[in-house]
Amino acid sequence: MSAEGAALDAPAPAGILTDARSRRIVRFALGTTLGSGLAYLIGFDLPFLVPILVAMLLASPAPCPSVRKGLAFVVPVAVGAFLGVVLTRYFLKYPLIFLLMEFLVLYRLIAALIIPLVGQASIGLSIGVALGLVKGTVIAILAVWLSFGLLPDPPTESPSGAGGLDAK
């Protein structure tokens, strides 16, 4: 057997982005960088928040989120931010009622707890934080979709194990 024949029969070396694990690692780095870059590029007030949200989304081996799953990520943050503004606006001046309302949402919506703390300084600041949280989650979803668009999951092999090619 010649060296040429042996070289043709040997399996091709796997590239860095051919297996799913390597692709997810590179996508994680790409997505967090893109998210941070987008946040700074558009002049977002809370740019440090976006890479954290992108990292939350890209850390799992889940496929690219659909529009519905993206909204399912943004809507709870928006509801929590809105609830936080309402708590700040209407209940902060009544400490006992405010405390009871905070206990009700303690383990449900973190944004509803953070925004009233900021609102003690200024209601305008708490509204800004609430809008910033929602805007940050939207930017994070866009960065995740962009990273999946630039670096999609590798194609899966056919059940025969031949990678979709006819075996000889």
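Structure summary
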item: Hey, residue 59 on the phi < 0 side of the Ramachandran plot, open to solvent by less than 60 Å² (accessible area, probe 1.4 Å) and under 26 Å from the mean Cα position of the chain (by Cα) or not; result: no
item: Residue count for the range 71-121, restricted to those that are outside any helix (DSSP H, G or I) and closer than 21 Å to residue 139 by Cβ; result: 2
item: Criterion violated by residue 135 - all others in (1) of a type in the set (D, E, K, R); (2) open to solvent by 80 Å² or more (accessible area, probe 1.4 Å); (3) out of contact with any Phe, Trp or Tyr (no Cβ under 9 Å at 6 or more places or on another chain) satisfied; result: (3)
item: Out of 50, 54, sole residue that is more than 19 Å from residue 130 (Cβ to Cβ), within 12 Å of the chain's Cα centre (by Cα) and part of a helix (DSSP H, G or I); result: 54
item: Failed criterion for residue 87 (all others in (1) out of contact with any Pro (no Cβ under 6 Å at 6 or more places or on another chain); (2) under 29 Å from residue 69 (Cα atoms) hold); result: (1)
item: Tally, over the range 99-122, of residues that are in contact with a helix residue (DSSP H, G or I) (Cβ under 6 Å, 6 or more places away or on another chain) and open to solvent by 30 Å² or more (accessible area, probe 1.4 Å); result: 3
item: Where a residue in the range 101-114 is within 16 Å of residue 90 (Cβ to Cβ) and its partner, wherever it lies, is modelled with pLDDT of 75 or more and open to solvent by 40 Å² or more (accessible area, probe 1.4 Å), with Cβ under 6 Å and at least six apart; result: 101/91; 112/83
item: Test: residue 53 is touching a helix residue (DSSP H, G or I) at 6+ places or on another chain (Cβ under 8 Å), aliphatic (A, V, I, L, M), buried (at least 19 other Cβ atoms within 10 Å of the Cβ) and more than 21 Å from residue 123 (Cα to Cα); result: yes
item: Evaluation of residue 68 against (1) open to solvent by 60 Å² or more (accessible area, probe 1.4 Å); (2) touching a helix residue (DSSP H, G or I) at 6+ places or on another chain (Cβ under 7 Å); (3) assigned to a helix (DSSP H, G or I) (one fails), failing number; result: (2)
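The values are calculated or read from the model by the stated rules, or taken from the named source; none is laboratory data. Please read these numbers as outputs of a predicted model, since none were measured by experiment. Counting neighbours? That spans all protein chains shown, and the Cβs are built from the backbone with ideal geometry, glycine included. Surface areas here come from the heavy atoms of the whole protein model, side chains and all, with no ligands, DNA or RNA. Shrake-Rupley method; radii C 1.70, N 1.55, O 1.52, S 1.80 Å.
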